[in-house]
Amino acid sequence: MKQYFLISLFVSILLTGCSQLGDQGMDADAFAARIYFKYPELKDKKYEIATVKRTVDGDTFETDSGHKVRLIGVNSPESIGKAEYYGKEASNFSRERLSGKKVYMFQDTGDKDRFGRLLRYIFIENENTMYNETLLVEGYANTMTVPPNVMFSEKFIEVEREAREKKKGLWEEPQENNFKSDKCGEPKIKGNINSKNEKIYHMPGGRYYDQTKAEEMFCTEEEAAAAGYRMIKE
């Protein structure tokens, strides 16, 4: 039944023709149909097409119309200012993959972040895998769930776990060495993904520290924050 639904969805979108983009024509609609077929969660979401003028870092870019776009659900290490472990590699990867490319952009629930950047899931033209997901698969980002944009949060967490198990990208070194230059011996800070798929860290002596099951362990709060975790609000 599910397969029949997806096939019907794919065919119906193809028959829609130019209903969404007018001058972009059937090529755009055909590619969008492929996206909807692979990611049916997006079937009710309209899309925008833009050309990437430049990348800012691994998870942020600017379009030729001057809009800054922040990828939903992922967080690449910083590559400018206080550079973080694997930040340069993530930035270079996105620059090579995105610069000058036409991309299809989809919203979740929210439109912009507090900095005015567009929040989007994006697809490089004629590539069926979402680029947000590609960053996780290749180990150039970790997950960062910020409600209400949680459509793919569970999927992204699973993809990140697989990348960590395969030691891809930023996970290629032992976890205790990531995002810092010196070993601390035995990490004490617990990173946990809660029931809302939020990444929270717990300090020793905290109210919930003892009963918390750690997804990851960290030596410093800076290291935990760099991996996309925030301190628990007790």
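Of all residues in the stretch 117-142, exactly one satisfies the criterion of being within 8 Å of the chain's Cα centre (by Cα) and in a loop (DSSP other than H, G, I, E, B), namely A141. Taken over the stretch 202-230, residues that are among the hydroxyl-bearing types (S, T, Y) and either within 21 Å of E165 (Cα to Cα) or without any contact (Cβ under 8 Å) to a residue 12 or more places away in the chain (or both) amount to 1. Selection of first residues in the stretch 79-101 that are at pLDDT below 85 and of second residues that are surrounded by fewer than 19 Cβ atoms within 10 Å (Cβ to Cβ) and polar (S, T, N, Q), restricted to Cβ pairs under 7 Å at least 6 apart or on distinct chains, gives an empty result. Selection over the stretch 39-62 of residues that are under 23 Å from V146 (Cα atoms) and either small (G, A, S) or assigned to a strand (DSSP E or B) (or both) gives a count of 9. Look at the stretch 127-150: where a residue is within 21 Å of G191 (Cβ to Cβ) and a partner is of a type in the set (F, W, Y) and surrounded by fewer than 22 Cβ atoms within 10 Å (Cβ to Cβ), sitting 6+ places away or on another chain with Cβ atoms under 8 Å, you get L135/F93; G139/W171; Y140/F93.
Residue-by-condition table, conditions (1) surrounded by fewer than 18 Cβ atoms within 10 Å (Cβ to Cβ); (2) assigned to a loop (DSSP other than H, G, I, E, B); (3) touching an Asp or Glu at 6+ places or on another chain (Cβ under 6 Å); (4) modelled with pLDDT of 85 or more:
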{"site": "E160", "(1), (2), (3), (4)": "no, no, no, yes"}
{"site": "E176", "(1), (2), (3), (4)": "yes, no, no, no"}
{"site": "K190", "(1), (2), (3), (4)": "no, no, no, yes"}
{"site": "A214", "(1), (2), (3), (4)": "yes, yes, no, no"}
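Filter the stretch 119-135 for residues that are buried (at least 22 other Cβ atoms within 10 Å of the Cβ) and of a type in the set (A, V, I, L, M, F, W, C); which is farthest from S65 (Cα to Cα)? If we take residues in the stretch 119-135 being buried (at least 22 other Cβ atoms within 10 Å of the Cβ) and of a type in the set (A, V, I, L, M, F, W, C), then L135 is farthest from S65 (Cα to Cα).
Restricting the stretch 78-98 to residues that are part of a loop (DSSP other than H, G, I, E, B) and among the aromatic types (F, W, Y), the residue that is farthest from the chain's Cα centre (by Cα) is Y85.
The values are calculated or read from the model by the stated rules, or taken from the named source; none is laboratory data. These numbers come from a predicted model, not from an experiment. Every residue, glycine as well, gets a Cβ built from its backbone with ideal geometry; the counts of neighbours run over all protein chains shown.
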